[in-house]
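Below: one structure, written as structure tokens.
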Amino acid sequence: MASLPYLPFARPTLDEDTIAGVVEVLRSGWITTGPQVQKFEAALSAYLGGRPVRVLNSATAALEVALQLCGIGPGDEVITPSQTFFAAPNMIAKVGATPVFVDVELASRNLDLDAVEWAITPRTKAIMPTHFAGLPVAMDRLYEIAGRHRLRVIEDAALAIGSSWRGQRIGSFGDLTVFSFHPNKNMTTIEGGALVLSDEAEVREVEKLRFHGITRLPDGTRDVAFPGGKFNLPDVNARIGLSQLARLEEFNTRRREFVADYFQLLQTDPPCLLPHPGYTGDEAGHSWNMFAPLLPLEQMSIDRKQFRAALEARGIGTGISYEAAHLTTLFRRYGYCEGELPNTEQIARETVTLPLFPTMSGADVERVCTAVSEVLLEAKI
Ligand SMILES: *Cc1c(COP(=O)(O)O)cnc(C)c1O
């Protein structure tokens with residue numbers, strides 16, 4: 001058999017329009033934050049139903065700025081999943097607040113909202129849910145809880161651009177929403193992120209928080225009232241984002257098609273626990289950043305590392321999303337230990353991310369499914 005090209009688990013789609021656009025920006029003489037950023041923010045705002053949007057150089061920065069915007073700091077608690085990327089709990093800790101980890105549901109891998117209610121204390125200031133792999137958290141219940149307890153919501157929608165809840169785009173409603181444009185996300189600016197806001201007062205605050213805390217005075221000089229960070233997105237990156245946003249729906253349609261193929265073809269022995277297929281009647285609301293089944297480790301003679309090596313040997317890349325944040329060295333210092341969040345810990349042990357990106361082919365999905373089936377059958381006990 002001729003050896004097939006390596007299939008990574010994620011790959012950005014960068015077209016000639018993007019490359020030409022970047023060259024134009026490079027030749028324009030203005031390469032850092034400027035007109036392209038303004039255009040990109042306007043395009044994102046239009047995509048999100050007109051809400052104000054500000055872009056930053058990462059989603060991690062946007063999460064930090066969102067926490068600062070809410071005035072969250074020492075003594076405050078923020079409820080968040082542990083089954084998420086480290087950025088959210090890290091930024092909660094970085095602003096001096098305490099992350100309160102709550103378990104996720106095994107199927108959706110999103111926050112268990114009953115457990116969120118139980119975790120609320122007088123110190124709770126915000127809920128920071130992740131829309132895992134693009135599947136929205138149950139938004140009406142989330143906002144009903146937040147409203148009843150007067151909590152801010154900072155949605156980590158890093159994986160969910162193009163997702164929707166009952167026909168409304170994630171980011172087009174709600175409180176604060178954060179998107180990521182890292183190369184593994186559904187659209188990219190290389191590095192970059194966005195923060196969706198509710199009003200102009202928040203916009204002015206975020207503009208200071210993302211750029212040194214600077215305000216401009218009437219006499220043309222500048223003042224600083226607090227030590228802001230430096231999180232501005234360069235124009236080169238914003239230009240990439242403009243081309244990507246124009247193709248986002250097309251990219252996400254391709255993702256959904258390959259996911260439908262996965263659901264049809266990934267019938268293994270022993271069986272994997274497949275991801276949540278999206279809400280019935282609202283399947284198109286899932287933007288499928290990742291397809292990540294859980295491995296049947298208890299019926300396998302090899303561990304996950306060996307499973308991934310077997311796929312790698314067949315030219316297929318895989319990922320792990322995510323480790324359990326509460327079991328990192330950092331958050332063990334907050335008193336967390338094994339056994340506290342059983343679903344989170346099971347997912348952290350068993351999850352494996354299979355290849356999914358718009359420029360792969362149906363044959364690639366077949367190849368992955370065949371390889372996974374063979375490896376699992378051989379390892380069956
Ligand atoms: C990628 C990701 C982030 C961080 O995004 P950056 O733009 O790399 O900072 C945060 N949260 C989740 C859930 C992510 O997947």
Answer residue from the stretch 316-374, given it is open to solvent by less than 30 Å² (accessible area, probe 1.4 Å) and among the aromatic types (Phe, Trp, Tyr) and is nearest to Gln264 (Cα to Cα) among those: Phe357
Residue match in the stretch 284-301 (condition: closer than 15 Å to Thr268 by Cβ, surrounded by fewer than 17 Cβ atoms within 10 Å (Cβ to Cβ) and of a type in the set (S, T, N, Q)): yes
The listed residue being within 16 Å of the ligand (Cβ to nearest atom) and of a type in the set (S, T, N, Q), out of Thr33, Thr13, Thr98, Thr84: Thr84
Flag if Ala379 is hydrophobic (A, V, I, L, M, F, W, C), surrounded by fewer than 17 Cβ atoms within 10 Å (Cβ to Cβ) and away from the ligand (no atom under 16 Å from the Cβ): no
Residue, farthest from the chain's Cα centre (by Cα), within the stretch 231-275, restricted to residues that are touching a residue at least 24 places away in the same chain (Cβ under 8 Å), under 16 Å from Val352 (Cβ atoms) and part of a loop (DSSP other than H, G, I, E, B): Pro270
Options Leu63, Leu67, Leu44, Leu4: the member that is more than 16 Å from the ligand (Cβ to nearest atom) and of a type outside the set (S, T, N, Q): Leu4
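The values are calculated or read from the model by the stated rules, or taken from the named source; none is laboratory data. Note that the coordinates shown come from a computational prediction; the quantities given were computed from them, not determined experimentally. So basically every Cβ, Gly included, is an ideal-geometry build from the backbone, and we count neighbours across all protein chains shown. Calculation scope for accessible area: heavy atoms of the full protein, side chains included, ligands and nucleic acids excluded. Shrake-Rupley method; radii C 1.70, N 1.55, O 1.52, S 1.80 Å.
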